[in-house]
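What follows is a set of notes on a single structure, which appears directly below.
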Amino acid sequence: MKVYWRHIPQANNSFAALAAACEVHGYEIDATDGPRPDVTIYSLNSINERLYRDEIAGADAITIVGGPHASACWREVAEYADYVVVGEGEYTLPALLSAIEEGRDPPPGVATASGYVPARHTVLLDGYPPFSRVKGFVEISRGCPFSCGYCQTPRLFGRCMRHRSIDEIARYASRFRDIRFVTPNAFAYGSDGVHLRLDRVERLLRSLDGRVYFGTFPGEVRPECISQQSVELVVDHCANTRLHFGAQSGSDAVLRRLHRGHTVEDVTRAFDLCREHGLVPVVDFILGLPFESDDDQRATLDLVKTVTRGGKAHIHYFMPLPGTPLEDARPRPLLAETEKVLGKLALDGRITGSWMDHEIRFFRHTSHL
Ligand code: SF4
């Protein structure tokens, strides 16, 4: 049976991890730019899903769809795809491929138009290679104990953190000169995500040879985890000159309603610690949150301006994602003064990101296609 992975840039790391998991079971998966028989696999997020929906519906191949959007909206996706992998794919995907090959019913964890039986397993990272023929970033931790209202991560991977062992991380990291990790919070390595184990972070960093980038793309950190000790670990053992963390709002009231689990003061303390240690703070913000008042939005804008005086701000416009507590919320329009200030900061090269309405961004982007 020939199995292909539909090339989608945002899903490259999933391709690396799932191709490796399938290879263990004897399935070699090649990339393709369109559906091909016998089986073509897609991994979709909620922004790109509509780009591939018609292609999947009309495919002359058996189609399997997974990823954050398919996991949250499996009923809808099962209307146009043959199989939907809900949640983690390392165990389920090879089991599904062998069920298809042998003409059996799909395993638990797979939805079809005729129903869905939830998976009964949790993936332990050491049980699966992070990559094989197709290289990807090494995923060191999965799951998140926090429950930020806009985020799909704890809904997709659960609230219990699981970690790859130091030996396994070092083994795969040795294949790179520049070493980067996938994690919901790099400083939470080896811990439950709330009570940090920086001794384990230090052991991990000491075990690695090469230029290590830690607490920056694609594995950022939470602001309250930035301390004298954690910053010194980065300065002493890593190559990055930036530390990337999420503030999201400049209003404590909004942070509470988001269940972010940190305060504005945590953000400013983190910002100062980075600066004192010579690291450039790169800070994420979300504007247009549904319960943001005018004053809340102004407070966020003030914090953005403060950040840009000694670091970088990365701005997002709120997007309600399926499967999250805020999936039915509507984004709030930006104040005219907010748009003006953001436009000026962007022109000066002090902020990046996108804060226009996602629908507008989407249709502008896809008009080229
Ligand atoms: S935004 Fe980060 S901390 Fe919050 S739930 Fe998602 S992964 Fe966890």
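The values are calculated or read from the model by the stated rules, or taken from the named source; none is laboratory data. Please read these numbers as outputs of a predicted model, since none were measured by experiment. Glycine gets a Cβ as well: all are built from the backbone with ideal geometry, and neighbour counts include every protein chain shown.
Restricting the search to strands (runs of 3 or more DSSP E) fully inside the range 156-254 and requiring at least 2 residues that are within 13 Å of the ligand (Cβ to nearest atom) gives 242-248.
When the range 226-255 is limited to residues that are out of contact with any Ser or Thr (no Cβ under 9 Å at 6 or more places or on another chain) and within 18 Å of L287 (Cβ to Cβ), the one that is surrounded by the most Cβ atoms within 10 Å (Cβ to Cβ) turns out to be F245. Based on what the data block shows, is Y52 assigned to a strand (DSSP E or B) and not small (G, A, S)? No, not satisfied. Among the residues of the range 255-275, those identified as part of a helix (DSSP H, G or I), touching a residue at least 40 places away in the same chain (Cβ under 8 Å) and charged (D, E, K, R) are R257, D266, R269. Pairing residues of the range 124-143 that are under 17 Å from L204 (Cβ atoms) with residues that are of a type in the set (K, R) and part of a loop (DSSP other than H, G, I, E, B), at Cβ distances under 6 Å and at least 6 apart in sequence or on separate chains, gives L125/R164; D126/R164; I140/R164. Within the range 18-42, the set of residues being under 20 Å from P94 (Cα atoms), exposed (fewer than 15 other Cβ atoms within 10 Å of the Cβ) and of a type outside the set (D, E) comprises V24, H25, G26, A31, P37.
This table checks each residue for (1) crowded, with 24+ Cβ neighbours inside 10 Å; (2) touching a residue at least 24 places away in the same chain (Cβ under 8 Å); (3) over 17 Å from S14 (Cα atoms).
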site: L44; (1), (2), (3): yes, yes, no
site: V65; (1), (2), (3): yes, yes, no
site: R75; (1), (2), (3): no, yes, yes
site: G87; (1), (2), (3): no, yes, no
site: P94; (1), (2), (3): no, yes, no
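Within the range 201-217, being basic (K, R) and under 23 Å from the mean Cα position of the chain (by Cα) holds for one residue alone: R211. As for the range 100-118, it holds at least one residue that is farther than 16 Å from L18 by Cα, surrounded by fewer than 20 Cβ atoms within 10 Å (Cβ to Cβ), of a type outside the set (S, T, N, Q) and touching a strand residue (DSSP E or B) at 6+ places or on another chain (Cβ under 7 Å). Just checking, how many residues over the range 69-83 are in a loop (DSSP other than H, G, I, E, B) and not aromatic (F, W, Y)? Count: 5. Can we say P145 is surrounded by 17 or more Cβ atoms within 10 Å (Cβ to Cβ), within 14 Å of the ligand (Cβ to nearest atom) and assigned to a loop (DSSP other than H, G, I, E, B)? Here the answer is yes, as P145 does meet what is asked. The single condition among (1) part of a helix (DSSP H, G or I); (2) modelled with pLDDT of 70 or more; (3) among the β-branched types (V, I, T) that T352 does not meet is (1).
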